[in-house]
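The values are calculated or read from the model by the stated rules, or taken from the named source; none is laboratory data. Given the structure is predicted, the values throughout are model-derived calculations rather than measurements. Cβ coordinates were reconstructed from backbone atoms using ideal geometry, including for glycine residues, and neighbour counts include every protein chain displayed.
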Amino acid sequence: MKVWAIAVSYMCSNWGGYTVLTYMPTYLSEVMHFDHQQIGLFSALPYIGFFIFTNISGAMYDAVITRQLCSKTVARKIGNTIGTLVPGLLTIGLVFMSCTSRFEAVALLTIIISISAFVYGAGFLTNHADIAPQFAGVIFGIANTCATLPGILAPTVIGYLTTNKNGWQTAFILCVVFNTVAAVFYIIFASGEIEEWAKEPSNDGIIIKNSPNLSKS
């Protein structure tokens, strides 16, 4: 279940990520009525924040583990909860955001995407190396494959829902639900410690016979 904790959290959190990635310009244009120049600028802000918070969250996780303030499992779960549940709860604000609160919507979207970066620096996206260092690449491949499904489904579903302005509320509610599932599933099943099946075999008890060539030398 530790591998599935990563995969499910990755997949569910990506729903909100792909929603913003593909439809933020549309939302700012059709709902908030920004012009194209403003949309170009405001669409970049969340990802600048994302870059900054990715580095901050990674540094925070390293500091916590280095100082042994808590276990890796607890640190991962806290980081992942910050990166999934907090953005999910903040998205509720977008559900009730009126079209007159244009700059507030941009600020909230920027905060949501920025904080979601915690899953990269301190959450599921670096958890592979914790539970199975030897198989981290394989686990990431499995998780990343699952996480591409929202990239296929989210744009289709959101496009269908947002044919009218009221549909945006439903779209944001879906993001809240998926982010909550990502947080809860990871809290229940995730671990920051290496799995038994992923440990390298010990040499204890193995008798290594001398080679005839070595014994003669």
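For the stretch 62-71, the criterion of being hydroxyl-bearing (Ser, Thr, Tyr) and in contact with a helix residue (DSSP H, G or I) (Cβ under 8 Å, 6 or more places away or on another chain) is met by no residue. Would you mention how many residues in the stretch 72-87 are polar (S, T, N, Q), in contact with a Ser or Thr (Cβ under 8 Å, 6 or more places away or on another chain) and crowded, with 18+ Cβ neighbours inside 10 Å? Adding up the residues that qualify gives 2. The set of residues in the stretch 13-38 that are among the polar types (S, T, N, Q) and either in contact (Cβ under 8 Å) with a residue 60 or more places away in the chain or buried (at least 17 other Cβ atoms within 10 Å of the Cβ) (or both) comprises Ser13, Asn14, Thr19, Thr22, Thr26.
Mind checking whether some residue in the stretch 93-105 is closer than 14 Å to Gly17 by Cα and in a helix (DSSP H, G or I)?
Here is the first cut: in the stretch 93-105, the ones closer than 14 Å to Gly17 by Cα are none.
Taking every residue of the stretch 93-105 in turn, none turns out to be closer than 14 Å to Gly17 by Cα and in a helix (DSSP H, G or I).
Can you say whether Ile158 is surrounded by 18 or more Cβ atoms within 10 Å (Cβ to Cβ), at pLDDT below 95 and of a type in the set (Val, Ile, Thr), as far as the supplied structure shows?
Values: surrounded by 18 or more Cβ atoms within 10 Å (Cβ to Cβ): yes; at pLDDT below 95: yes; of a type in the set (Val, Ile, Thr): yes.
For Ile158, the condition - surrounded by 18 or more Cβ atoms within 10 Å (Cβ to Cβ), at pLDDT below 95 and of a type in the set (Val, Ile, Thr) - is met.
Say we look at the stretch 166-188 and pick out the residues that are free of Cβ contacts under 8 Å to residues at least 12 places away in the same chain and of a type in the set (S, T, N, Q); which of these is nearest to Gly88 (Cα to Cα)? By that ranking, first place goes to Thr170. Checking the conditions here, which among Phe96, Phe42 is under 21 Å from Phe178 (Cβ atoms), of a type in the set (Phe, Trp, Tyr) and over 21 Å from the mean Cα position of the chain (by Cα)? Of Phe96, Phe42, the one residue that is under 21 Å from Phe178 (Cβ atoms), of a type in the set (Phe, Trp, Tyr) and over 21 Å from the mean Cα position of the chain (by Cα) is Phe96. Cβ separations smaller than 6 Å between residues 6+ apart or across chains give the following pairs from the stretch 120-145 residues that are farther than 23 Å from Ile52 by Cα to residues that are of a type in the set (Phe, Trp, Tyr) and surrounded by 19 or more Cβ atoms within 10 Å (Cβ to Cβ): Ala143/Tyr10.
If you check Leu153 against the conditions, is it part of a helix (DSSP H, G or I), at pLDDT 90 or above and under 21 Å from Cys70 (Cα atoms)?
no
Put simply, of Leu41, Leu90, Leu69 the only residue that is loosely packed, with under 15 Cβ neighbours inside 10 Å, among the hydrophobic types (A, V, I, L, M, F, W, C) and in a helix (DSSP H, G or I) is Leu41.
Rundown of residues vs (1) closer than 19 Å to Gly123 by Cα; (2) of a type in the set (A, V, I, L, M, F, W, C); (3) over 20 Å from the mean Cα position of the chain (by Cα), yes/no style:
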| position | (1), (2), (3) |
| --- | --- |
| Ala5 | yes, yes, no |
| Ser13 | yes, no, no |
| Thr22 | no, no, no |
| Pro25 | no, no, yes |
| Ser29 | no, no, yes |
| Thr54 | yes, no, no |
| Lys77 | yes, no, no |
| Gly88 | yes, no, no |
| Arg102 | no, no, yes |
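Before we move on, is Ile78 under 22 Å from Met11 (Cβ atoms) and modelled with pLDDT of 95 or more? Show your work before the answer.
Values: under 22 Å from Met11 (Cβ atoms): yes; modelled with pLDDT of 95 or more: yes.
Taking the combined requirement at face value, the residue satisfies it.
Residue-level analysis places Phe140 among those that are in contact with a His (Cβ under 9 Å, 6 or more places away or on another chain), modelled with pLDDT of 90 or more, under 27 Å from Leu21 (Cα atoms) and of a type in the set (Phe, Trp, Tyr).
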